[in-house]
């Protein structure tokens with residue numbers, strides 16, 4: 001699956017243009033980006049796509065020189081499960 005990158009958004013569509021997966025992370029305050037929405041089509045769940053989306057969003061946030069915060073329930077859980085990866089990308 002090919003991920004497409006936009007400012008504050010990573011997504012994937014099928015060959016017909018139907019949205020299959022998406023994560024959004026708008027800037028909320030100076031230097032912060034909120035991962036506020038993660039979507040994976042039910043037909044693709046359980047294949048690690050949401051994890052891939054979070055990682056792609058975090059990489060884009062890091063490259064933009066911002067820091068992440070999560071309000072999306074999936075992302076909140078991901079942050080709790082991967083504190084070392086967050087530390088590696090963004091420091092303490």
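Bear in mind these aren't lab numbers, they're just calculated from the coordinates by the rules spelled out. All values reported here derive from a predicted model rather than from experimental measurement. All Cβ positions, even for glycine, are placed from backbone atoms using ideal geometry, and neighbour counts span all protein chains on display.
Based on the convex hull around the alpha carbon atoms, the chain presents an average projected area of 5.9 nm². Taken along the Cα-to-beta-carbon direction at a fixed 7 Å, the label points for residue 5 and residue 45 span 2.9 nm.
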